[in-house]
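Structure, as structure tokens:
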């Protein structure tokens, strides 16, 4: 029986996709982002995690019906436990719920049609458009991430892209410009939202706490850059 | 429930009103009129037992007045006004939007109620929409219509409805609500998942998170209860259109429990005598309005057919269920809490079943539309309610995780066709995802709720117990300044002392 390492389940979340959703945070991540605000989800072992079967997770989700539109799997990086996701999504789909994935985009989604069949949409992190910067920030490159962005957008399953912006340390304008430019032609298939997230030090590891968020004016600039490339639905957080 | 001993006491009360610098002229005039009315004795249903129960805080008449000379809540048939005009007010049938708006404003002025202002303004989107020709012009006119209502109806118990279908007028009204952020009118969308477009419903939620309006009524449920058309009036009262409520009194259930030595005594003696006494009192008030005053014979609303006596009902209200149940649990040496513990919730249902049965066994001379019975009402609460939760709500501070809270509320809502509601504050993250709040509402309705609203934790407008107030107005009133809305006076105690600002939406992760 397949089990997942799960850090937390939040029964009611308004910030993990459209509508009211149950958010499931999986343990373990293959990136190591400097600004990670829940670094306790990176390692595969932790005192507080639960090993849960699909049945056990579904039981908890069922308690939240009829109040939720669907579920969102996040983490950590939930796609590292994709077999569990497929099994889970099959069950939640039967319950009439939508299945969203929050992902760093490190696995090639097009390689997993089974997973895509049961996934309604993905919220994808675009941490940096520049490969070197991406490695510096996360310890991994961004080639597959960008492939994923195009692929998901082309099949109408890219709900949202997200970028955390940091003053000085990241070339925010380049990332925002290039990713929106790359994806603008797909807006006609399905509207893609861009969530531009100000860096916050809450939960961040001590050695990375000194970074700064861009000013309000810079956030507005980034918004404008995205708008100019056809992204009308931009959320500044 | 003041009774004046002698003329000296009355004169003192008069001078206090006249000299009160926190009251507007209108508020003073209203106060003086109430004072005059209250010189008369209560109707005969107020017997020795009744006053005994009043003394104990068990029965409360909400200071409705000793000698009501108009029904408490009136819901005129405004469609009739627009189609046929009004002889008394020399109004012809409406031909354009200017006619409709001005006819309504004129007419509203002549609709009495317990507050002296109209408590029901009609399904304003349905009234206005057929007459919209030029959208831009309509926006301007409707904007001034709404401002006029807010500045002349000094009371947020005045309630307009929209929906269930989306209309251009409905969209204009919601756009304006977001912009104007007025206290009045209180607004409810008669919401039906199958008739209201998702887009419009989300727009309404967005507005609620900005200005606490509109609230959401479960249209299917109300329509079934009233076998057709109904209106939401005053705080959140469901009542027949073309009718209304004669009167409302309420039981403080917690005080009955406080006065009982055991649950047996509560169920077999104290609750029964309180229900019986209040039934008698309500009936005598209805008889007074109908038989001793000329209202139902000579008021133009009646003579021209905008309202019909057969469509009026008496309202049997209650508060303090939370504290009542907890007290009864203690009497049985159980430390169980209403809301948290299912056994306690089931005791609440048992109490309601007993009340419902006893109220239904009382045949009123009036109220044909409801089979000559009174309708139960979960009263929102008022001043002097310290330690008494509104209606059958879970007490502030004792909230349970949100889904459980909604399910628990759903157990009780079916008992109260004439009014019950629950209000939830949301933080700013909900502003970016109003669809999430709508999902929660849909879940609440699917769980048996009939009325629910949201407001922003950080907003200036707050839904007190059912009506709206501005926090900034409370500050003014607390500092002795005048505020044009009467409702600030009723809200002062609940907001300052009853913890309304501490309402919580609990998650399962708390």
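Structural remarks
- With respect to the conditions (1) away from chain B (no Cβ under 14 Å); (2) within 24 Å of residue B:448 (Cα to Cα), residue A:104 falls short on a single one, namely (2).
- Considering residues of region A:228-237 that are surrounded by 13 or more Cβ atoms within 10 Å (Cβ to Cβ) and within 10 Å of residue A:194 (Cα to Cα) only, the residue nearest to the other protein chains (Cβ to nearest Cβ): A:235
- Qualifying residue in region A:69-78 (condition: within 14 Å of chain B (Cβ to nearest Cβ) and under 14 Å from the mean Cα position of the chain (by Cα)): yes
Residues checked against (1) under 20 Å from the mean Cα position of the chain (by Cα); (2) within 30 Å of residue B:291 (Cα to Cα):
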{"position": "B:352", "(1), (2)": "yes, no"}
{"position": "B:357", "(1), (2)": "no, yes"}
{"position": "B:378", "(1), (2)": "yes, yes"}
{"position": "B:382", "(1), (2)": "yes, yes"}
{"position": "B:385", "(1), (2)": "yes, no"}
{"position": "B:397", "(1), (2)": "no, no"}
{"position": "B:400", "(1), (2)": "no, no"}
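- In region A:4-31, the residue that is nearest to the other protein chains (Cβ to nearest Cβ) out of those that are in a strand (DSSP E or B) and within 14 Å of residue A:82 (Cβ to Cβ) is A:24.
- Checked against (1) surrounded by fewer than 18 Cβ atoms within 10 Å (Cβ to Cβ); (2) closer than 25 Å to residue B:150 by Cα, residue B:36 passes all but a single condition, namely (2).
- Exactly one residue out of B:387, B:320, B:397 is in contact (Cβ under 8 Å) with a residue 24 or more places away in the chain, crowded, with 23+ Cβ neighbours inside 10 Å and at positive phi, and it is B:320.
- Flag if residue A:132 is surrounded by fewer than 22 Cβ atoms within 10 Å (Cβ to Cβ), closer than 18 Å to residue A:164 by Cβ and away from chain B (no Cβ under 14 Å): yes
- Residue in region A:161-177 that is touching a residue at least 60 places away in the same chain (Cβ under 8 Å) and outside any loop (DSSP other than H, G, I, E, B) present: yes
- Residue ID - farthest from the other protein chains (Cβ to nearest Cβ), chosen from residues in region B:402-422 that are under 19 Å from the mean Cα position of the chain (by Cα) and surrounded by 23 or more Cβ atoms within 10 Å (Cβ to Cβ): B:418
- Checking residue A:35 against (1) touching a residue at least 40 places away in the same chain (Cβ under 8 Å); (2) surrounded by 19 or more Cβ atoms within 10 Å (Cβ to Cβ); (3) within 14 Å of chain B (Cβ to nearest Cβ), the condition it does not meet: (3)
- Residues in region B:195-238 that are under 14 Å from the mean Cα position of the chain (by Cα) and not in a loop (DSSP other than H, G, I, E, B): B:215, B:216, B:217, B:231, B:232, B:233, B:237, B:238.
- Within region B:436-453, the set of residues being outside any loop (DSSP other than H, G, I, E, B) and either within 20 Å of residue B:377 (Cα to Cα) or within 16 Å of the chain's Cα centre (by Cα) (or both) comprises B:444, B:445, B:451, B:452, B:453.
The numbers here are math on the coordinates, done by the rules we state, and not lab data. This structure is a prediction, so every number in the text was calculated from the model and none was measured. Neighbour counts run over all protein chains shown; Cβ positions are idealised from the backbone, glycine included.
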